[in-house]
Amino acid sequence: MKTAYIGKNSKVYQLLKNAIFRTGDIEVSYRDDFELLVKNDIVQAVVFSWSKKLEDNIALFVRLNRSGIKKVYFLSTSATCFESCHRYGYVKNKLIVEQFVVSNFDLFYIVKAGLIENTHDLGKIHGSVPYTSLDGLACSINEWKKLSSIEDSKEIKLFKVDCLTSQSLKLLLLYRIYKLSSYLPFFISRPLDIVFKLLGYNNYGYLFRQFN
């Protein structure tokens, strides 16, 4: 069965392409005319595209549904597993789209991934983070392609916890300060995330709150 990969310019897709693309498959941008899927009898899609606007993401899945897609692989985030992270806009929107996929598609994998291999600078992180390998993602996509029964649809926690220890005294100090600031009310701690990012510290916000 041929597969459509939605989000051909996604960094994750480009890293995975050689391991998942097969003859006859199609790669498109979410801006492309999905009539191409109909013409090629495509009924399954892997979705890498993501917009900051929730309505854009919902619209994408509505278009897929109307184009005859019955089977979906949705790359979500490990943060949706943690209620303390649901207040963050990105996580909340991912959760809403997860629920939309479950309600509107017959066959699906909802894959909750952490930091994906080769897409982040781990040198700017100190502390525990969820981590997902490219091999793990490729294997899950190729496994999903074999999915044929509604009963096999599922949500997958595709990550492990990595404890990253930086040799930088600066990052160690920022980690300790951020840990203290995380106990502050959300309306105070949230703006501080921008400050820590500007200081070159990347384990903040919903990433930090999952395992630290």
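Within the stretch 103-121, does at least one residue satisfy the condition of being modelled with pLDDT of 95 or more and out of contact with any helix residue (DSSP H, G or I) (no Cβ under 8 Å at 6 or more places or on another chain)? Yes; the residues of the stretch 103-121 include at least one that is modelled with pLDDT of 95 or more and out of contact with any helix residue (DSSP H, G or I) (no Cβ under 8 Å at 6 or more places or on another chain).
For (1) over 30 Å from GLN44 (Cβ atoms); (2) modelled with pLDDT under 95; (3) open to solvent by 50 Å² or more (accessible area, probe 1.4 Å), each residue gets a yes or a no:
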{"residue": "LYS146", "(1), (2), (3)": "no, yes, yes"}
{"residue": "GLU151", "(1), (2), (3)": "no, yes, yes"}
{"residue": "LEU169", "(1), (2), (3)": "yes, yes, yes"}
{"residue": "PRO185", "(1), (2), (3)": "yes, yes, yes"}
{"residue": "GLY200", "(1), (2), (3)": "yes, yes, no"}
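Within the stretch 10-48, the set of residues being in contact with an Asp or Glu (Cβ under 9 Å, 6 or more places away or on another chain) and not aromatic (Phe, Trp, Tyr) comprises LEU15, LYS17, ALA19, ILE42.
Of the residues SER103, SER84, SER67, only one is within 30 Å of LEU169 (Cβ to Cβ), over 14 Å from the mean Cα position of the chain (by Cα) and among the polar types (S, T, N, Q); which? One residue alone meets the criteria, SER84.
Cβ-Cβ contacts under 7 Å between residues 6 or more apart (or on different chains), taken from a first residue in the stretch 110-139 that is within 13 Å of TYR13 (Cα to Cα) and touching a residue at least 60 places away in the same chain (Cβ under 8 Å) to a second residue that is among the acidic types (Asp, Glu) and in a loop (DSSP other than H, G, I, E, B), are listed as LEU134/GLU117.
The values are calculated or read from the model by the stated rules, or taken from the named source; none is laboratory data. This is a predicted model, so every value here is computed, not measured. No Cβ is skipped: glycine too gets one built from the backbone with ideal geometry, and neighbour counts run over all protein chains shown. Protein only, heavy atoms only, side chains kept; ligands, DNA and RNA dropped before computing areas. Shrake-Rupley method; radii C 1.70, N 1.55, O 1.52, S 1.80 Å.
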